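Enquirer: Questions regarding the structure given below will be posed in turn.
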Amino acid sequence: MKKLISIVIPIYNEAEHLKDSIILIVNQVNNLGIPFELIFIDDGSKDASWNIIMELHTIIPQIRAYRLSRNFGKEQALCAGLEKAEGDGVIIMDADLQHPPKLIKDMIEAWKCGAEIVECIKVSRGDEPYINKIGSRLFYAMLKLFSGYSLNGASDYKLMDRKVVNEWKKMDERNVFFRGMAAWLGFRVEKIPFSVDKRAGGKSTWSVKNLVKLGIKAIVSFSTIPLRIVSVLGVSFLLAAILMIIQTLYMKFSGNAVTGFTTVIVLLLIIGSVLMISLGVIGEYIAAIYNEVKHRPRFIISEGTEKKSEIKS
């Protein structure tokens, strides 16, 4: 009996190219002669993306689709897709064809040879803006420094074995960073290099602001080192203050005290800046804890191709 492959594709405002992209992906998988299902998660699109999926659902029986009640974000959309996937192997990919569908065959072959996670690694980021490339390198360098996980070149384009997906589903946190969570799981990993293709159409919804927010979420989710840095800074400033007190008293009693407030002003500005940054770091961790303890659902499905009574979030 052939194993079922689930292909999870989150979408958000992809109407411009979605129909052609879906047909291309379906043709690519059909050529492999394997049973498969396509799971689309519409992350609150404001264009005609959902209507296009529903139209194709009537002629492509492998399509299963779910629409979130609003835009929860790509990470939460991936969670929804993994929750709904039923395959023995689950592939996660983007709908804009920057994840080349032709690699699906290689991923499945590596999986059949024993790999439990097949990860496609970016060797070229395509026509991505230069500032995004620099920001990405900086982010991965910081993540490795703070958490010990090297995700340089990592992408969401992966194949995960069913037992890996089952373990991933046990990770119930609300601050989701899919790439980091997949790396944390371990298992046998096979890497396939690829170059990011040109987008099939439309523009990326990943702004610099969104990338910064994802970076902060990732570091807070996978490392407590920033909190320890705050402690180290506190001890360092205490030692520096003791030395300055000793030096000031010596100058005072030796009759060489220097008048003026320049040094005091500079020290106040430095200490004030460090305090504000430290409070900001602590605030990010408190916010993460706050989101976790509320225990709200990571996503809400408003409609789908199943009966409403079967839809859960």
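Please treat every number below as a calculation from the coordinates, not as lab data. This is a predicted model, so every value here is computed, not measured. We place every Cβ from the backbone using ideal geometry, glycine too, and count neighbours over all the protein chains shown.
Enquirer: What is the distance, in nm, between label points placed 7 Å from the Cα along the Cα-to-Cβ direction at Gln28 and at Ile277?
Expert: My value for the distance between the label points is 4.3 nm.
Enquirer: Long-range amide H contacts for Glu37: which residues qualify at under 5 Å (H placed 1.01 Å from N, peptide plane, sequence gap of 5 or more or a different chain)?
Expert: Here the answer is Ile5, Ser6, Ile7, since their amide H atoms fall under 5 Å of that of Glu37.
Enquirer: I've got another one for you. Test of understanding: what is the full-extension gain from Glu173 to Ile242, defined as 0.36 nm times their sequence separation minus their Cα-Cα distance? The partial results should precede the final answer.
Expert: Values: separation 69, 0.36 × 69 = 24.84 nm, distance 4.28 nm.
Gain on extension, Glu173 to Ile242, equals 20.6 nm.
Enquirer: Here's a follow-up. Express in nm, to one decimal, how much length is gained between Ile270 and Val123 on full extension, taking 0.36 nm for each residue of separation and deducting their alpha carbon distance. Walk me through the intermediate numbers first.
Expert: Working: separation 147, 0.36 × 147 = 52.92 nm, distance 4.10 nm.
Answer, rounded to one decimal: 48.8 nm.
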